[in-house]
Amino acid sequence: MQQAKGPVSAGEVLGWLVLSALAPGAAHLRAGWRKTGLVLISCYAAGLLALLAVWLMNDLDNLAGSLIDNSRLTAIIVGAGILGMAWFGLIVHSFVVLRPGRLTQNGQIVSGTVAGLLAVVVMVPFGWVGQFVWTSQQTLNDIFQENPSDGESPALAQPKPEDPWAGRQRVNILLLGGDADDHRVGVRTDSMNLASVDVKTGNTVLFSLPRNLENVRFRPGTPMAVRFPNGFRLPPDAAGGRSDLLNSVWEYADAHPEIFGGRQHQGPKVLMDTIGYTLGVKVDWYALVNMWGFARLIDAIGGITINVETDVVFGKYNEGLVKAGTRKLKGADAMWYARSRTNSDDYTRMRRQRCVLGALLDQADPGTVLTRFNKIALATKELIRTDIPRRWLTHLVPLALKVKNAKVTSVQFVPPLINTGYPDWEKIRTISTKAIRDSSAPKPALAATASPGVPSSPAPKKTPKKSTSTGTSTNPAKGLTEGCGGAL
(Lines give C-alpha, C1' and ligand atoms only; values in the text may rest on other atoms or scores of the structure.)
Protein backbone atom coordinates (compact mmCIF):
# COMPACT_ATOMS: atom_id res chain seq x y z
CA MET A 1 0.00 0.00 0.00
CA GLN A 2 1.55 3.27 -1.09
CA GLN A 3 1.74 6.25 1.28
CA ALA A 4 0.01 9.48 0.37
CA LYS A 5 3.20 11.41 0.88
CA GLY A 6 6.85 10.71 0.05
CA PRO A 7 10.07 12.66 -0.29
CA VAL A 8 9.39 16.20 -1.46
CA SER A 9 12.90 17.35 -2.43
CA ALA A 10 15.55 16.12 -4.86
CA GLY A 11 18.06 15.82 -2.03
CA GLU A 12 15.72 13.58 -0.04
CA VAL A 13 15.02 11.37 -3.07
CA LEU A 14 18.72 10.96 -3.76
CA GLY A 15 19.47 10.29 -0.09
CA TRP A 16 17.00 7.43 -0.02
CA LEU A 17 18.37 6.11 -3.31
CA VAL A 18 21.92 6.01 -1.91
CA LEU A 19 20.65 4.29 1.23
CA SER A 20 18.83 1.73 -0.94
CA ALA A 21 22.07 0.95 -2.77
CA LEU A 22 23.60 0.03 0.58
CA ALA A 23 20.48 -1.45 2.21
CA PRO A 24 18.03 -2.69 -0.46
CA GLY A 25 14.41 -2.01 0.48
CA ALA A 26 15.01 1.24 2.38
CA ALA A 27 13.44 3.44 -0.31
CA HIS A 28 10.48 1.08 -0.65
CA LEU A 29 9.80 1.28 3.09
CA ARG A 30 9.98 5.10 2.92
CA ALA A 31 7.58 5.18 0.00
CA GLY A 32 5.05 2.89 1.70
CA TRP A 33 5.83 -0.34 -0.15
CA ARG A 34 6.13 -2.08 3.18
CA LYS A 35 5.92 -5.74 2.08
CA THR A 36 8.32 -5.25 -0.82
CA GLY A 37 10.72 -3.31 1.37
CA LEU A 38 10.68 -5.94 4.12
CA VAL A 39 11.24 -8.75 1.61
CA LEU A 40 14.17 -6.93 0.00
CA ILE A 41 15.88 -6.01 3.25
CA SER A 42 15.25 -9.49 4.70
CA CYS A 43 16.79 -11.19 1.66
CA TYR A 44 19.76 -8.83 1.85
CA ALA A 45 20.30 -9.53 5.55
CA ALA A 46 19.96 -13.27 4.99
CA GLY A 47 22.56 -13.11 2.25
CA LEU A 48 25.02 -11.22 4.45
CA LEU A 49 24.48 -13.67 7.30
CA ALA A 50 25.03 -16.61 4.94
CA LEU A 51 28.33 -15.12 3.73
CA LEU A 52 29.39 -14.47 7.33
CA ALA A 53 28.53 -18.06 8.27
CA VAL A 54 30.58 -19.42 5.37
CA TRP A 55 33.48 -17.17 6.41
CA LEU A 56 33.36 -18.21 10.07
CA MET A 57 32.64 -21.91 9.59
CA ASN A 58 35.37 -22.60 7.06
CA ASP A 59 39.13 -22.55 7.25
CA LEU A 60 40.15 -19.56 5.13
CA ASP A 61 42.93 -21.47 3.36
CA ASN A 62 40.58 -24.29 2.38
CA LEU A 63 37.91 -21.78 1.41
CA ALA A 64 40.36 -20.10 -0.97
CA GLY A 65 41.12 -23.49 -2.50
CA SER A 66 37.48 -24.41 -2.98
CA LEU A 67 36.69 -21.07 -4.60
CA ILE A 68 39.06 -21.71 -7.51
CA ASP A 69 37.23 -24.85 -8.52
CA ASN A 70 36.24 -24.36 -12.16
CA SER A 71 32.51 -24.78 -11.57
CA ARG A 72 32.56 -22.40 -8.61
CA LEU A 73 34.41 -19.77 -10.61
CA THR A 74 31.76 -20.04 -13.31
CA ALA A 75 29.02 -19.72 -10.68
CA ILE A 76 30.68 -16.59 -9.27
CA ILE A 77 30.89 -15.00 -12.74
CA VAL A 78 27.23 -15.73 -13.44
CA GLY A 79 26.20 -14.66 -9.94
CA ALA A 80 28.10 -11.38 -10.24
CA GLY A 81 26.32 -10.63 -13.51
CA ILE A 82 22.89 -11.41 -12.06
CA LEU A 83 23.51 -9.37 -8.91
CA GLY A 84 24.81 -6.44 -10.96
CA MET A 85 21.62 -6.38 -13.04
CA ALA A 86 19.51 -6.85 -9.91
CA TRP A 87 21.14 -3.84 -8.19
CA PHE A 88 20.63 -1.79 -11.37
CA GLY A 89 16.95 -2.71 -11.35
CA LEU A 90 16.74 -2.01 -7.63
CA ILE A 91 17.95 1.59 -8.05
CA VAL A 92 15.62 2.22 -10.98
CA HIS A 93 12.60 0.80 -9.13
CA SER A 94 13.51 2.63 -5.93
CA PHE A 95 13.60 5.88 -7.89
CA VAL A 96 10.18 5.15 -9.39
CA VAL A 97 8.46 4.34 -6.06
CA LEU A 98 9.82 7.56 -4.54
CA ARG A 99 7.60 9.40 -7.08
CA PRO A 100 10.06 11.95 -8.47
CA GLY A 101 7.23 13.34 -10.64
CA ARG A 102 6.13 15.41 -7.67
CA LEU A 103 9.39 17.35 -7.73
CA THR A 104 9.99 20.58 -9.60
CA GLN A 105 11.20 20.32 -13.16
CA ASN A 106 14.79 21.12 -12.17
CA GLY A 107 14.52 18.64 -9.28
CA GLN A 108 13.31 15.94 -11.66
CA ILE A 109 16.20 16.59 -14.04
CA VAL A 110 18.83 16.54 -11.29
CA SER A 111 17.43 13.52 -9.45
CA GLY A 112 16.86 11.58 -12.67
CA THR A 113 20.41 12.23 -13.89
CA VAL A 114 22.00 11.29 -10.57
CA ALA A 115 19.74 8.22 -10.23
CA GLY A 116 20.81 7.02 -13.67
CA LEU A 117 24.47 7.47 -12.80
CA LEU A 118 23.97 5.70 -9.49
CA ALA A 119 22.25 2.78 -11.24
CA VAL A 120 25.32 2.37 -13.44
CA VAL A 121 27.83 2.90 -10.62
CA VAL A 122 26.32 0.17 -8.43
CA MET A 123 26.99 -2.32 -11.25
CA VAL A 124 30.72 -1.52 -11.32
CA PRO A 125 31.80 -3.65 -8.30
CA PHE A 126 29.91 -6.65 -9.67
CA GLY A 127 31.43 -6.12 -13.10
CA TRP A 128 34.90 -5.85 -11.56
CA VAL A 129 34.38 -9.10 -9.60
CA GLY A 130 33.11 -10.88 -12.72
CA GLN A 131 36.05 -9.66 -14.81
CA PHE A 132 38.56 -10.51 -12.07
CA VAL A 133 37.19 -14.04 -11.68
CA TRP A 134 36.91 -14.58 -15.45
CA THR A 135 40.55 -13.53 -15.94
CA SER A 136 41.58 -15.83 -13.09
CA GLN A 137 39.65 -18.75 -14.57
CA GLN A 138 41.12 -18.28 -18.05
CA THR A 139 44.65 -17.96 -16.67
CA LEU A 140 44.33 -21.07 -14.52
CA ASN A 141 42.80 -23.10 -17.35
CA ASP A 142 45.58 -22.02 -19.73
CA ILE A 143 48.35 -23.01 -17.32
CA PHE A 144 46.88 -26.07 -15.59
CA GLN A 145 45.42 -28.64 -17.95
CA GLU A 146 42.90 -31.19 -16.72
CA ASN A 147 44.91 -34.01 -18.31
CA PRO A 148 48.46 -32.72 -18.91
CA SER A 149 50.23 -34.33 -21.84
CA ASP A 150 53.29 -34.86 -19.66
CA GLY A 151 51.24 -37.15 -17.42
CA GLU A 152 50.96 -37.03 -13.64
CA SER A 153 52.05 -38.86 -10.54
CA PRO A 154 50.02 -42.09 -10.22
CA ALA A 155 50.17 -41.84 -6.42
CA LEU A 156 48.35 -38.50 -6.55
CA ALA A 157 46.21 -39.06 -9.63
CA GLN A 158 42.75 -38.78 -8.06
CA PRO A 159 42.50 -36.52 -5.00
CA LYS A 160 39.90 -37.49 -2.41
CA PRO A 161 38.26 -34.65 -0.44
CA GLU A 162 38.69 -36.42 2.89
CA ASP A 163 42.41 -37.14 2.35
CA PRO A 164 43.77 -35.64 -0.89
CA TRP A 165 47.35 -36.55 -0.01
CA ALA A 166 46.53 -40.24 0.50
CA GLY A 167 48.22 -40.30 3.92
CA ARG A 168 51.45 -38.74 2.68
CA GLN A 169 53.25 -36.21 4.88
CA ARG A 170 54.93 -34.19 2.13
CA VAL A 171 54.43 -33.16 -1.47
CA ASN A 172 57.45 -32.48 -3.68
CA ILE A 173 57.35 -30.06 -6.59
CA LEU A 174 60.29 -29.48 -8.93
CA LEU A 175 60.72 -25.79 -9.76
CA LEU A 176 62.74 -25.21 -12.91
CA GLY A 177 64.07 -22.12 -14.62
CA GLY A 178 64.54 -22.66 -18.35
CA ASP A 179 66.34 -20.50 -20.87
CA ALA A 180 64.57 -21.77 -23.99
CA ASP A 181 64.08 -19.09 -26.63
CA ASP A 182 63.37 -18.69 -30.34
CA HIS A 183 67.03 -19.18 -31.23
CA ARG A 184 67.63 -22.44 -29.34
CA VAL A 185 66.27 -25.93 -29.91
CA GLY A 186 65.10 -27.70 -26.76
CA VAL A 187 64.92 -26.70 -23.11
CA ARG A 188 67.98 -26.22 -20.92
CA THR A 189 67.13 -26.10 -17.22
CA ASP A 190 69.71 -23.77 -15.69
CA SER A 191 67.85 -23.37 -12.39
CA MET A 192 66.68 -26.51 -10.55
CA ASN A 193 65.03 -26.36 -7.14
CA LEU A 194 62.92 -28.98 -5.43
CA ALA A 195 60.34 -27.68 -2.95
CA SER A 196 59.47 -30.32 -0.35
CA VAL A 197 56.36 -29.16 1.54
CA ASP A 198 54.86 -30.57 4.73
CA VAL A 199 51.15 -30.90 3.92
CA LYS A 200 50.06 -30.22 7.51
CA THR A 201 52.23 -27.26 8.48
CA GLY A 202 53.45 -25.85 5.17
CA ASN A 203 57.06 -26.08 6.39
CA THR A 204 59.21 -26.21 3.27
CA VAL A 205 62.74 -27.16 2.29
CA LEU A 206 64.04 -25.78 -1.00
CA PHE A 207 66.81 -27.97 -2.42
CA SER A 208 68.97 -26.21 -5.01
CA LEU A 209 70.93 -28.35 -7.42
CA PRO A 210 73.75 -26.89 -9.54
CA ARG A 211 73.45 -26.90 -13.32
CA ASN A 212 76.98 -28.30 -13.68
CA LEU A 213 76.47 -31.49 -11.64
CA GLU A 214 78.44 -34.21 -13.44
CA ASN A 215 78.15 -38.00 -13.76
CA VAL A 216 74.45 -37.81 -12.96
CA ARG A 217 73.02 -41.18 -11.93
CA PHE A 218 69.64 -42.45 -13.13
CA ARG A 219 67.23 -44.67 -11.28
CA PRO A 220 68.18 -48.34 -11.90
CA GLY A 221 66.00 -50.05 -14.47
CA THR A 222 65.02 -46.86 -16.32
CA PRO A 223 65.88 -46.38 -20.03
CA MET A 224 68.43 -43.66 -19.17
CA ALA A 225 70.13 -45.95 -16.65
CA VAL A 226 70.39 -48.62 -19.33
CA ARG A 227 71.96 -46.12 -21.74
CA PHE A 228 74.27 -44.64 -19.06
CA PRO A 229 74.96 -47.38 -16.46
CA ASN A 230 77.99 -45.49 -15.09
CA GLY A 231 76.44 -42.03 -15.07
CA PHE A 232 75.52 -39.40 -17.62
CA ARG A 233 78.67 -38.96 -19.69
CA LEU A 234 79.12 -37.82 -23.31
CA PRO A 235 82.16 -36.84 -25.37
CA PRO A 236 83.10 -33.16 -25.09
CA ASP A 237 81.59 -30.74 -27.61
CA ALA A 238 83.66 -29.48 -30.52
CA ALA A 239 84.50 -26.35 -28.53
CA GLY A 240 85.44 -28.40 -25.48
CA GLY A 241 82.20 -27.75 -23.58
CA ARG A 242 80.01 -30.40 -22.00
CA SER A 243 76.43 -31.36 -22.83
CA ASP A 244 76.13 -34.05 -20.17
CA LEU A 245 75.56 -31.95 -17.07
CA LEU A 246 72.39 -32.03 -14.98
CA ASN A 247 70.94 -29.06 -16.86
CA SER A 248 71.11 -31.06 -20.10
CA VAL A 249 69.09 -34.10 -18.96
CA TRP A 250 65.71 -32.73 -20.13
CA GLU A 251 67.15 -31.60 -23.46
CA TYR A 252 68.93 -34.92 -24.08
CA ALA A 253 65.85 -37.02 -23.24
CA ASP A 254 63.68 -34.93 -25.58
CA ALA A 255 66.24 -35.26 -28.36
CA HIS A 256 66.47 -39.09 -28.11
CA PRO A 257 62.98 -40.62 -28.19
CA GLU A 258 64.50 -43.90 -29.39
CA ILE A 259 65.69 -44.52 -25.83
CA PHE A 260 62.05 -44.56 -24.71
CA GLY A 261 60.61 -46.75 -27.43
CA GLY A 262 59.85 -43.79 -29.67
CA ARG A 263 57.86 -41.84 -27.06
CA GLN A 264 58.27 -38.10 -27.52
CA HIS A 265 58.74 -35.33 -24.93
CA GLN A 266 60.10 -37.49 -22.12
CA GLY A 267 62.38 -34.72 -20.81
CA PRO A 268 60.17 -33.57 -17.91
CA LYS A 269 59.53 -37.09 -16.61
CA VAL A 270 63.20 -38.04 -16.89
CA LEU A 271 64.41 -34.93 -15.06
CA MET A 272 61.79 -35.34 -12.33
CA ASP A 273 62.78 -38.95 -11.78
CA THR A 274 66.49 -38.14 -11.92
CA ILE A 275 66.34 -35.35 -9.34
CA GLY A 276 64.01 -37.42 -7.16
CA TYR A 277 66.49 -40.31 -7.27
CA THR A 278 69.37 -37.93 -6.52
CA LEU A 279 67.65 -36.51 -3.42
CA GLY A 280 65.95 -39.73 -2.32
CA VAL A 281 62.38 -38.42 -2.69
CA LYS A 282 59.40 -38.90 -4.97
CA VAL A 283 58.81 -35.86 -7.19
CA ASP A 284 55.10 -35.33 -7.74
CA TRP A 285 55.02 -32.51 -10.31
CA TYR A 286 57.17 -29.93 -12.00
CA ALA A 287 56.73 -26.28 -12.95
CA LEU A 288 59.02 -24.83 -15.61
CA VAL A 289 59.44 -21.07 -15.50
CA ASN A 290 60.65 -19.25 -18.57
CA MET A 291 63.30 -16.96 -17.14
CA TRP A 292 62.38 -13.98 -19.30
CA GLY A 293 58.71 -14.59 -18.64
CA PHE A 294 59.73 -14.33 -14.99
CA ALA A 295 61.10 -10.87 -15.76
CA ARG A 296 57.69 -9.85 -17.12
CA LEU A 297 56.08 -11.08 -13.90
CA ILE A 298 58.45 -8.91 -11.85
CA ASP A 299 57.56 -5.93 -14.03
CA ALA A 300 53.86 -6.73 -13.51
CA ILE A 301 54.16 -6.33 -9.73
CA GLY A 302 56.12 -3.11 -10.14
CA GLY A 303 59.64 -4.47 -9.59
CA ILE A 304 61.33 -5.97 -6.54
CA THR A 305 63.64 -4.42 -3.95
CA ILE A 306 66.90 -6.30 -3.39
CA ASN A 307 70.02 -5.59 -1.37
CA VAL A 308 72.73 -5.98 -4.01
CA GLU A 309 75.86 -6.82 -2.04
CA THR A 310 78.34 -6.03 -4.82
CA ASP A 311 78.25 -4.67 -8.36
CA VAL A 312 76.92 -7.26 -10.84
CA VAL A 313 78.17 -6.91 -14.42
CA PHE A 314 76.16 -8.44 -17.27
CA GLY A 315 75.76 -8.39 -21.03
CA LYS A 316 77.59 -9.95 -23.95
CA TYR A 317 80.24 -7.26 -23.78
CA ASN A 318 79.86 -6.51 -20.05
CA GLU A 319 77.92 -3.37 -20.92
CA GLY A 320 75.30 -3.80 -18.18
CA LEU A 321 75.65 -3.12 -14.48
CA VAL A 322 73.48 -3.59 -11.40
CA LYS A 323 75.09 -1.35 -8.81
CA ALA A 324 75.63 -2.41 -5.21
CA GLY A 325 73.17 -1.14 -2.63
CA THR A 326 69.46 -1.41 -1.96
CA ARG A 327 67.88 -1.30 -5.41
CA LYS A 328 64.38 -1.58 -6.80
CA LEU A 329 64.98 -3.67 -9.91
CA LYS A 330 62.79 -3.97 -12.94
CA GLY A 331 62.30 -7.39 -14.49
CA ALA A 332 65.23 -7.37 -16.93
CA ASP A 333 67.73 -6.10 -14.34
CA ALA A 334 66.42 -8.57 -11.75
CA MET A 335 66.95 -11.43 -14.20
CA TRP A 336 70.44 -10.27 -15.09
CA TYR A 337 71.22 -9.96 -11.39
CA ALA A 338 70.03 -13.55 -10.92
CA ARG A 339 71.65 -15.04 -14.03
CA SER A 340 74.90 -13.20 -14.71
CA ARG A 341 78.09 -15.29 -14.45
CA THR A 342 80.45 -12.44 -15.34
CA ASN A 343 83.19 -12.21 -12.70
CA SER A 344 81.24 -14.84 -10.78
CA ASP A 345 80.41 -18.55 -10.76
CA ASP A 346 77.39 -20.86 -10.85
CA TYR A 347 77.17 -21.07 -7.07
CA THR A 348 77.06 -17.33 -6.51
CA ARG A 349 74.46 -17.17 -9.26
CA MET A 350 72.38 -19.83 -7.47
CA ARG A 351 72.44 -17.73 -4.30
CA ARG A 352 71.33 -14.62 -6.22
CA GLN A 353 68.50 -16.61 -7.81
CA ARG A 354 67.39 -17.66 -4.35
CA CYS A 355 67.46 -14.00 -3.26
CA VAL A 356 65.27 -12.97 -6.19
CA LEU A 357 62.80 -15.74 -5.41
CA GLY A 358 62.70 -14.77 -1.74
CA ALA A 359 62.18 -11.09 -2.58
CA LEU A 360 59.33 -11.94 -4.95
CA LEU A 361 57.61 -14.11 -2.32
CA ASP A 362 58.00 -11.39 0.32
CA GLN A 363 56.93 -8.44 -1.82
CA ALA A 364 54.06 -9.90 -3.89
CA ASP A 365 51.54 -8.99 -1.20
CA PRO A 366 47.76 -9.36 -1.75
CA GLY A 367 47.28 -5.61 -2.27
CA THR A 368 49.87 -5.52 -5.05
CA VAL A 369 48.44 -8.63 -6.68
CA LEU A 370 44.89 -7.21 -6.67
CA THR A 371 45.80 -3.79 -8.02
CA ARG A 372 47.99 -5.22 -10.79
CA PHE A 373 46.04 -8.40 -11.36
CA ASN A 374 45.47 -8.20 -15.12
CA LYS A 375 49.16 -7.55 -15.81
CA ILE A 376 50.18 -10.36 -13.47
CA ALA A 377 47.72 -12.79 -15.06
CA LEU A 378 48.98 -11.99 -18.56
CA ALA A 379 52.61 -12.39 -17.49
CA THR A 380 51.85 -15.65 -15.68
CA LYS A 381 50.28 -17.25 -18.75
CA GLU A 382 53.54 -16.67 -20.62
CA LEU A 383 55.63 -17.80 -17.68
CA ILE A 384 54.77 -21.33 -16.60
CA ARG A 385 54.65 -24.80 -18.07
CA THR A 386 53.57 -27.52 -15.65
CA ASP A 387 52.07 -30.98 -15.35
CA ILE A 388 50.00 -30.11 -12.26
CA PRO A 389 46.41 -31.10 -13.12
CA ARG A 390 43.76 -28.38 -12.88
CA ARG A 391 41.69 -30.30 -10.32
CA TRP A 392 44.60 -30.37 -7.86
CA LEU A 393 44.57 -26.60 -7.39
CA THR A 394 41.73 -26.95 -4.86
CA HIS A 395 44.23 -28.68 -2.57
CA LEU A 396 47.46 -26.94 -3.62
CA VAL A 397 46.23 -23.38 -3.09
CA PRO A 398 45.57 -23.91 0.65
CA LEU A 399 48.99 -25.55 0.89
CA ALA A 400 50.65 -22.59 -0.84
CA LEU A 401 48.96 -20.21 1.61
CA LYS A 402 50.35 -22.24 4.49
CA VAL A 403 53.86 -21.97 3.02
CA LYS A 404 53.60 -18.16 3.00
CA ASN A 405 53.66 -18.11 6.82
CA ALA A 406 55.56 -21.32 7.48
CA LYS A 407 59.22 -22.18 8.07
CA VAL A 408 61.07 -22.09 4.75
CA THR A 409 64.69 -23.26 4.63
CA SER A 410 67.02 -24.02 1.75
CA VAL A 411 69.91 -26.34 1.03
CA GLN A 412 72.32 -25.55 -1.80
CA PHE A 413 74.35 -28.50 -3.02
CA VAL A 414 77.42 -26.50 -3.98
CA PRO A 415 81.11 -26.66 -2.99
CA PRO A 416 82.38 -27.15 -0.36
CA LEU A 417 79.28 -29.09 0.65
CA ILE A 418 79.66 -31.35 -2.39
CA ASN A 419 82.09 -31.77 -5.27
CA THR A 420 80.07 -31.17 -8.44
CA GLY A 421 82.59 -33.07 -10.57
CA TYR A 422 82.54 -36.17 -8.36
CA PRO A 423 79.36 -35.95 -6.28
CA ASP A 424 78.91 -38.08 -3.17
CA TRP A 425 75.39 -39.33 -3.90
CA GLU A 426 74.90 -40.93 -0.49
CA LYS A 427 75.90 -37.71 1.22
CA ILE A 428 73.37 -35.77 -0.87
CA ARG A 429 70.59 -38.17 0.12
CA THR A 430 71.62 -38.11 3.78
CA ILE A 431 71.57 -34.30 3.85
CA SER A 432 68.21 -34.26 2.08
CA THR A 433 66.69 -36.72 4.54
CA LYS A 434 67.93 -34.74 7.54
CA ALA A 435 66.76 -31.40 6.14
CA ILE A 436 63.28 -32.80 5.53
CA ARG A 437 63.16 -34.32 9.01
CA ASP A 438 64.25 -31.01 10.58
CA SER A 439 61.70 -29.13 8.48
CA SER A 440 58.90 -31.22 9.96
CA ALA A 441 59.66 -29.84 13.44
CA PRO A 442 57.44 -26.96 14.66
CA LYS A 443 58.41 -23.46 13.64
CA PRO A 444 60.41 -21.68 16.43
CA ALA A 445 58.41 -19.04 18.27
CA LEU A 446 60.69 -16.10 17.43
CA ALA A 447 62.71 -17.38 14.48
CA ALA A 448 61.51 -17.03 10.91
CA THR A 449 63.79 -19.69 9.46
CA ALA A 450 66.00 -22.53 10.53
CA SER A 451 69.58 -21.70 11.39
CA PRO A 452 72.47 -24.04 10.60
CA GLY A 453 73.95 -25.91 13.51
CA VAL A 454 71.44 -24.62 16.09
CA PRO A 455 69.27 -27.26 17.77
CA SER A 456 65.55 -26.55 18.05
CA SER A 457 64.15 -25.65 21.46
CA PRO A 458 60.61 -25.14 22.69
CA ALA A 459 61.65 -22.05 24.66
CA PRO A 460 61.70 -18.70 22.78
CA LYS A 461 65.20 -17.46 22.02
CA LYS A 462 66.84 -14.48 20.42
CA THR A 463 67.87 -14.92 16.81
CA PRO A 464 70.82 -17.35 16.89
CA LYS A 465 74.06 -16.77 15.09
CA LYS A 466 74.21 -18.36 11.68
CA SER A 467 76.97 -20.59 10.47
CA THR A 468 79.07 -19.09 7.71
CA SER A 469 80.19 -22.42 6.26
CA THR A 470 77.86 -24.98 4.80
CA GLY A 471 80.75 -27.36 4.59
CA THR A 472 81.29 -27.67 8.32
CA SER A 473 77.73 -27.30 9.57
CA THR A 474 75.88 -30.42 10.62
CA ASN A 475 72.78 -28.91 9.06
CA PRO A 476 73.37 -26.98 5.81
CA ALA A 477 69.74 -25.84 5.64
CA LYS A 478 69.40 -22.08 5.87
CA GLY A 479 66.74 -19.41 5.52
CA LEU A 480 65.54 -18.65 1.99
CA THR A 481 66.83 -15.07 2.07
CA GLU A 482 69.90 -15.74 4.25
CA GLY A 483 73.01 -14.22 2.71
CA CYS A 484 70.97 -11.79 0.59
CA GLY A 485 72.42 -8.61 2.06
CA GLY A 486 70.14 -8.32 5.07
CA ALA A 487 66.41 -8.16 5.62
CA LEU A 488 64.41 -5.73 3.52
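The values are calculated or read from the model by the stated rules, or taken from the named source; none is laboratory data. No experiment lies behind these values; they were computed from the predicted model shown. Quick reminder, even Gly has a Cβ in these numbers, built from the backbone with ideal geometry, and neighbours come from all protein chains shown. The area values use the complete protein model at the heavy-atom level, side chains included, leaving out ligands, DNA and RNA. Shrake-Rupley method; radii C 1.70, N 1.55, O 1.52, S 1.80 Å.
Does G276 satisfy the criteria of being free of Cβ contacts under 8 Å to residues at least 24 places away in the same chain and either surrounded by fewer than 21 Cβ atoms within 10 Å (Cβ to Cβ) or not basic (K, R) (or both)? Here the answer is no, as G276 does not meet what is asked.
Please tell me if V369 is closer than 23 Å to N405 by Cα and within 14 Å of the chain's Cα centre (by Cα). Answer is yes for this residue. Of the residues making up segment 211-222, at least one is closer than 26 Å to V171 by Cβ and modelled with pLDDT under 90. Scanning segment 57-78 turns up at least one residue that is in a loop (DSSP other than H, G, I, E, B), touching a helix residue (DSSP H, G or I) at 6+ places or on another chain (Cβ under 6 Å) and modelled with pLDDT under 90. The criterion of being open to solvent by less than 40 Å² (accessible area, probe 1.4 Å), in contact (Cβ under 8 Å) with a residue 60 or more places away in the chain and assigned to a loop (DSSP other than H, G, I, E, B) holds for G302. Checking each residue in segment 249-266 for being touching a residue at least 60 places away in the same chain (Cβ under 8 Å) and surrounded by fewer than 22 Cβ atoms within 10 Å (Cβ to Cβ) picks out E251, D254, A255, H265. Scan segment 187-211 and report the pairs whose first residue is over 15 Å from L245 (Cα atoms) and among the basic types (K, R) and whose second residue is open to solvent by 10 Å² or more (accessible area, probe 1.4 Å) and not in a strand (DSSP E or B), with Cβ atoms within less than 9 Å and a gap of 6+ or a chain change. Final answer for the pair search is K200/Q169; K200/K402; K200/S440. May I ask you to verify whether F373 is aromatic (F, W, Y), farther than 27 Å from V411 by Cβ and open to solvent by less than 50 Å² (accessible area, probe 1.4 Å)? Yes: the conditions hold for F373.
Candidates are the residues of segment 26-62 that are closer than 30 Å to W134 by Cβ and surrounded by 14 or more Cβ atoms within 10 Å (Cβ to Cβ); the one that is nearest to the chain's Cα centre (by Cα) is D61.
Would you say F228 is without any contact (Cβ under 8 Å) to a residue 60 or more places away in the chain and either surrounded by 18 or more Cβ atoms within 10 Å (Cβ to Cβ) or under 20 Å from the mean Cα position of the chain (by Cα) (or both)? So F228 passes the test. Pairing each residue of segment 134-146 that is more than 14 Å from I376 (Cβ to Cβ) with any residue that is basic (K, R) and open to solvent by 20 Å² or more (accessible area, probe 1.4 Å), provided the two are 6+ apart or on different chains, yields C-beta distances under 9 Å for F144/R391; E146/R391.
If you go through segment 105-121 and keep only what is out of contact with any Phe, Trp or Tyr (no Cβ under 8 Å at 6 or more places or on another chain) and either within 13 Å of E12 (Cβ to Cβ) or small (G, A, S) (or both), you end up with G107, V110, V114, G116.
For segment 235-248, residues that are under 18 Å from T189 (Cα atoms) and surrounded by 10 or more Cβ atoms within 10 Å (Cβ to Cβ) total 7.
Checking each residue in segment 203-223 for being touching an Asp or Glu at 6+ places or on another chain (Cβ under 6 Å) and crowded, with 21+ Cβ neighbours inside 10 Å picks out only P210. Scanning segment 380-431 for residues that are basic (K, R) and either open to solvent by less than 20 Å² (accessible area, probe 1.4 Å) or under 30 Å from I68 (Cα atoms) (or both) yields K381, R385, R390, R391, K402, K404, K407.
L321 meets the conditions (1) in contact with a Pro (Cβ under 9 Å, 6 or more places away or on another chain); (2) open to solvent by 80 Å² or more (accessible area, probe 1.4 Å) in every case but one. The failed one is (1).
Residues that are in a loop (DSSP other than H, G, I, E, B), of a type in the set (D, E, K, R) and either modelled with pLDDT under 85 or farther than 24 Å from D346 by Cβ (or both) within segment 415-455 comprise just one, K443.
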